[in-house]
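Novice: Let me give you the structure first, and then I'll get to my questions.
Each reported figure results from applying straightforward, stated rules to the coordinates on display, with no laboratory input. Computed from a predicted model, the values in this text were never measured in an experiment. Neighbour counts are summed over all protein chains in view; Cβ atoms, including those assigned to glycine, are modelled from backbone coordinates with ideal geometry.
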């Protein structure tokens, strides 16, 4: 009979026992959240990942500290953050309860750590949060031209509702490079 050394199994054991890396963000996290959100969506760094919108909206700024502070102050709103084992922020999502539905926005993963399951973990945590808040649906807005992202959300159970909303005309957080609109997607829990 062959015995495996315990060290052969340590990586798998450690993965199974990792502490939950998703927690609620606070105002002290705002500077890191701003940096993450801007790097994930806009500018040159965003192009290292697959979820950026830099080709659709010119500018390096997706959000700022004032915007995030206001969102955090909204009743029923929360940011969840994903931190690695060194405490570095690698992902986040904004959630806002609206009646029996939960708005899901700003899902962001650092362009340097995308495709490692962080977005999937944040999605799962958002669904858990929705259930805890007695919400029966999660909904979101996605730029209608982001076909690869829409497909990703469809694989996660979201469906197009047929509703659209105009893209903001305020240029504070970038200038669209073409006519844009949001597609509304929803998932029943």
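Novice: Which of rounded, prolate or oblate describes region 75-173 when judged by the alpha-carbon gyration tensor and an a/c cut-off of 1.5?
Specialist: Numbers: a/c = 1.44, a/b = 1.16, b/c = 1.24.
Because its axes are fairly even, with a/c under 1.5, region 75-173 counts as rounded.
Novice: Please list, in order, the residues from region 71-85 whose amide nitrogen is less than 12 Å from a point placed 7 Å along the Cα→Cβ vector of residue 134.
Specialist: Answer for this model: none.
Novice: Rounded to the nearest 0.05, what FRET efficiency do residue 86 and residue 120 have when you use their Cβ-Cβ distance and R0 = 25 Å?
Specialist: Taking R0 as 25 Å, the efficiency between residue 86 and residue 120 is 0.75.
Novice: Where the centroid of each part is defined by its Cα atoms, how far is region 88-108 from region 119-189 in Å?
Specialist: Here the answer is 10 Å between Cα centres.
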